[in-house]
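Below you'll find the structure, written out as structure tokens, and then a few comments.
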């Protein structure tokens, strides 16, 4: 970083003046972050802190753990968390299976063509998630594009229920999350030293051996970084499962809004939120043991 | 030598042996792009049911969109909120990124982490939390509350872009300007900022799109006359599949890809110069 000034020679022109000014300005410069800090306090720190305290109050406003006890006592809460983790794992897994070959392809073609092919990843990435969710809803409906297409080709005979269930939710979520995996994974693959593969070939490795024993292990940090972003985003996902799940796939975020809409129970909703936040941090903390966190955060839109 | 027999990588594998990879990648790219753009042709359909390909072409759903005050109001709100968010988040984020980059240190790390929390905290929590607190402050259903929340979501994005631009920038130029008698303030605006202008523009556009496309916070914090376009679309989606949304979606795709593609082309031009 540029924080430490270049060593001044004592006899240099204005050396002391410059050093004093630099020190004073270093503090003034940090004050530039104040507007952003105040905004974050107003929007995140105070509201989330408030929810945190609400989660420890019962309906009469007394301090209690009743909201957390309910979560353990009622099977429905447990089921929601199970569904959330299941859907997040499945989405992440599918993103890796589908995203890895694409990132590999992008990393192998000459750089001058990458821009063009990369557009196929960036175009969905730039497009509103609500628009893409809507497109899937349209395509997956009973008389939608996919059913009609499959029936015309004779793959299945009667319309299959694709939307408003787990399948629809997964399809939509994988499509929306894929760029979040491909972009960091591609960057990691480009960083792999190609000499390592040449060396492997020189030493007699077949292309398949070189791929599995050299390329894949070296690309793993990219896989971990990308899947971490996807997994964490999935944990708090709301829009796509709410639209494509049709009420059959209830994730934590949907349960929170449902509790607020139906019962107006802030304590219960807050407690769910706190557990969601804690699980998100736990996943990130666990992952940060394996890689630098700031390189992961780089990828999210 | 034919193309498919030529070497494709360091391991002497030929393009012919790689053909399966090219096919697979092609299929995946189609799966990424087609669902994104499929609503564009569908939006020009004459039918009540979205069909592909449309039997009869018409601008019916665009008329519907333009003639419905509800949609027009929501569009105006979204543009207003997104523009204000851009105008607030870009200077806030740029200032924060510059401040953290120049000063560094332990305190800087803590501040950086704090400013990045909007990327980690699930948005649903921010949405209900601000709904509660802003409700007490009386700024729910107001432009102010929405802009504030969207600004916080956009600041990390602005910071990431400006920080990576600063990494390739030589801050000594500011020192030179200062030693020649300029104030630090003037040095930043006359030396640094002009050289960062492309990154600042990118950051501003992303802040605009972040706000314009944001759904969950808008669902909670906007309402009445100040409902955003995404909120209206979301509630329309839950009830029935309104073909008007296909028309709106098309316009939104054109807006975001137009802005981003324009930026890339503009960026190519500035780097060539």
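Read-outs throughout are calculated quantities, based only on the coordinates presented, and are distinct from any laboratory measurement. Given the structure is predicted, the values throughout are model-derived calculations rather than measurements. Cβ placement follows ideal geometry from the backbone for every residue including glycine, while neighbour counts extend to all protein chains displayed.
7 Å from Cα along Cα→Cβ at both residue A:59 and residue A:258: what's the point-to-point distance in nm?
2.0 nm
Which order do A:62, B:213, B:63 fall in if you start with the one that has the fewest other Cβ atoms within 10 Å?
On the way: A:62 9, B:213 23, B:63 12.
Neighbour counts put them in this order, fewest first: A:62, B:63, B:213.
Using mean Cβ contacts within 10 Å as the protection proxy, how do B:181-192, A:152-163 order, highest first? Kindly include the intermediate steps, with their values, before the conclusion.
Details: B:181-192: 14.6, A:152-163: 12.1.
In descending order of packing, they fall as B:181-192, A:152-163.
Binning at 10 Å from 0, report for chain B what percent of all alpha-carbon pair distances ends up in each bin.
Binned Cα distances yield the sequence 6, 20, 25, 23, 17, 8, 2, 0.
Let me make sure I get this right: for segment A:1-146, a, b and c are the square roots of the gyration tensor eigenvalues over alpha carbons, sorted descending. Under 1.5 in a/c it's rounded, otherwise prolate if a/b > b/c, else oblate. Which is it? Don't skip to the end; give the middle numbers.
Values: a/c = 3.02, a/b = 1.28, b/c = 2.36.
Taking the square roots of the gyration eigenvalues as a ≥ b ≥ c, segment A:1-146 is oblate.
Going by how many other Cβ atoms sit within 10 Å of their own, how do B:240, B:65 line up, fewest first?
Values: B:240 6, B:65 23.
Least crowded to most crowded, the residues run B:240, B:65.
Please give the Cα centre distance for segment A:86-139 versus segment B:157-233, rounded to the nearest Å.
26 Å
Would you kindly calculate the mean projected area, averaged across all directions, of the convex hull enclosing the Cα atoms of segment A:165-301, in square nanometres?
Projected over every direction and averaged, the Cα hull of segment A:165-301 covers 10.2 nm².
Before anything else, pin down the relative contact order of chain B: Cα pairs under 8 Å, at least 6 apart, normalised by residue count, whole percent.
On the way: 287 pairs, mean separation 72.2, N = 273.
Reported relative contact order: 26 percent.
If neighbour count is taken as other Cβ atoms inside 10 Å, put B:64, B:174, A:69 in order from fewest to most. Walk me through the intermediate numbers first.
On the way: B:64 15, B:174 20, A:69 11.
In increasing order of surrounding Cβ atoms, one gets A:69, B:64, B:174.
For chain A, what is the relative contact order in percent, using Cα pairs closer than 8 Å and at least 6 residues apart in sequence? Working shown, then result.
Working: 300 pairs, mean separation 72.7, N = 301.
Answer for chain A is 24 percent.
For segment B:1-40 and segment A:239-284, compute the distance between their C-alpha centroids and round to whole Å.
Segment B:1-40 and segment A:239-284 have Cα centres separated by 40 Å.
Say R0 is 30 Å: what FRET efficiency, to the nearest 0.05, do residue A:148 and residue B:254 get from their beta-carbon distance?
Numbers: r = 26 Å, r/R0 = 0.88.
E between residue A:148 and residue B:254, to the nearest 0.05, is 0.70.
Once the convex hull of the C-alpha atoms of segment A:66-297 is built, how many Å³ does it hold per residue, rounded to a whole number?
Numbers: hull volume 38.7 nm³, N = 232.
Normalising the Cα hull of segment A:66-297 by residue number yields 167 Å³.
Label points 7 Å out from Cα along the Cβ direction at residue B:52 and residue A:12: separation in nm?
Using points 7 Å along Cα→Cβ, the separation is 6.3 nm.
Report P(r) for segment B:175-258: all Cα-Cα distances, bin width 5 Å, range 0 to the bin holding the largest distance, values in whole percent.
Reading the bins upward from 0: 3, 12, 15, 14, 13, 8, 7, 8, 7, 6, 4, 2, 1, 0.
Across peptide B:247-258, how many C-beta atoms of other chains are within 10 Å of each residue C-beta, on average?
Details: counts 0, 4, 9, 1, 1, 5, 8, 0, 3, 6, 6, 1.
Counting Cβ atoms of other protein chains within 10 Å of each residue's Cβ and averaging gives 4.
Highest first, please rank the peptides B:103-111, A:272-280, A:141-149 by the mean number of other Cβ atoms sitting within 10 Å of their residues.
Values: B:103-111: 15.1, A:272-280: 20.7, A:141-149: 17.1.
Result, highest mean first: A:272-280, A:141-149, B:103-111.
Averaging over every viewing direction, what projected area does the convex hull of the Cα atoms of the protein assembly as shown cover, in nm²?
Working: hull surface 131.4 nm².
Dividing the Cα hull surface by four gives the mean projection, 32.9 nm².
Can you pull the mean other chain C-beta count within 10 Å for peptide B:174-183?
For this peptide, the per-residue mean of nearby foreign Cβ atoms is 1.
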